[in-house]
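Before any comments, here is the structure.
The values are calculated or read from the model by the stated rules, or taken from the named source; none is laboratory data. Owing to the predicted nature of the structure, the values given are computational and were not obtained by experimental measurement. Quick reminder, even Gly has a Cβ in these numbers, built from the backbone with ideal geometry, and neighbours come from all protein chains shown. Protein only, heavy atoms only, side chains kept; ligands, DNA and RNA dropped before computing areas. Shrake-Rupley method; radii C 1.70, N 1.55, O 1.52, S 1.80 Å.
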Amino acid sequence: MGLLKKKTGVLPGFGLSLGFTMTYISILVILPLSMIFINSATAPWEKIWQTISEPRVIASYKLSIGAALMAAAINVIFGVLIAWVLVRYRFPGRRIIDGLVDLPFALPTAIAGIALTTLYTENGWVGQFLSFKVAFTPLGIMIALMFIGLPFVVRTVQPVLQNVDKEVEEASASLGANRLQTFVKVVFPELMPAALTGFALAFARSLGEYGSVVFIAGNMPMKTEITPLLIMTKLEQYDYAGATALAAVMLVFSFLMLLVINLLQWWTNRKFI
């Protein structure tokens, strides 16, 4: 009789690792998110609909989502530019600037909000020189979201730029392409998936931001009131069902946006790569 050989997987301990991973994700991610929908279901549907469809709440949806989208889109443009400068150029102070990019990660959001408010009020260091109002307006909210979202784009695009083969760019130039054509036809397709990932991360971070926004927003109902502030207000009023209902709406929208962005990434990978 021949000896039976035990079939083993390529990765040893795969079953144990997968079980630990799923348990960890379930406890820290799936279970807390599912509790949002479970708590929302404790209230009557009429009350939930009334809560999520109030004019004040709808205005906060528009402001939170619109400001997050605009801030993420602007961050993609300037984030790619900053990443390009940090990777392709050598100049005095480059390492300092590279380190400052990560400052919003480490800085408490409340401190960022207070600092931005101090800068952009009408009597602030920057606001006094502007002919338009920034603090306590939607523009101020967008600036705060740009501040906290920029590192996500830079740190996502930067490694991709470092791995772009310069010989391909040189070959493009040798075939008669100018710098703009080389960037559009050669470099941009390589950066597109990373830029979309950075956009998704910046948007997701901005959508739920509270600390850096609440100070510069002014929190005027129907004008500069964001949805996270309304959630906190309902929690302070012990309206847990209403707070979780608003959170569920924002969560569903975040999932939909991430799905759209992932589809765009899949499409760009097929089209450009």
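The figures follow:
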| item | result |
| --- | --- |
| In the stretch 217-273, the residues that are assigned to a loop (DSSP other than H, G, I, E, B), aliphatic (A, V, I, L, M) and open to solvent by 70 Å² or more (accessible area, probe 1.4 Å) | M220, M222, I273 |
| Among (1) over 30 Å from I114 (Cβ atoms); (2) open to solvent by 50 Å² or more (accessible area, probe 1.4 Å); (3) not basic (K, R), the one test that L201 misses | (1) |
| Any hit, the stretch 113-134, residues being among the basic types (K, R), assigned to a helix (DSSP H, G or I) and out of contact with any strand residue (DSSP E or B) (no Cβ under 8 Å at 6 or more places or on another chain) | no |
| Matching residues, the stretch 204-216, being part of a helix (DSSP H, G or I) and either touching a strand residue (DSSP E or B) at 6+ places or on another chain (Cβ under 8 Å) or crowded, with 21+ Cβ neighbours inside 10 Å (or both) | S206, L207, S212, V213, V214, F215, I216 |
| Matching residues in the stretch 20-30 - criterion: being surrounded by 11 or more Cβ atoms within 10 Å (Cβ to Cβ) and either of a type outside the set (V, I, T) or within 15 Å of Y240 (Cα to Cα) (or both) | F20, M22, S26 |
| Index of the failed condition, K62 passing every other in (1) open to solvent by 60 Å² or more (accessible area, probe 1.4 Å); (2) at pLDDT below 90; (3) under 30 Å from G140 (Cβ atoms) | (2) |
| Residue check for Q158: of a type outside the set (D, E, K, R) and either exposed (fewer than 13 other Cβ atoms within 10 Å of the Cβ) or touching a Pro at 6+ places or on another chain (Cβ under 9 Å) (or both) | no |
| Any hit, the stretch 162-172, residues being open to solvent by less than 10 Å² (accessible area, probe 1.4 Å) and in contact (Cβ under 8 Å) with a residue 24 or more places away in the chain | no |
| Given (1) open to solvent by less than 90 Å² (accessible area, probe 1.4 Å); (2) closer than 29 Å to P159 by Cα, number of the condition I36 does not satisfy | (2) |
| Any hit, the stretch 49-65, residues being touching a residue at least 60 places away in the same chain (Cβ under 8 Å) and closer than 24 Å to M192 by Cα | yes |
| Any hit, the stretch 175-187, residues being modelled with pLDDT of 75 or more, within 19 Å of I74 (Cα to Cα) and open to solvent by less than 10 Å² (accessible area, probe 1.4 Å) | no |
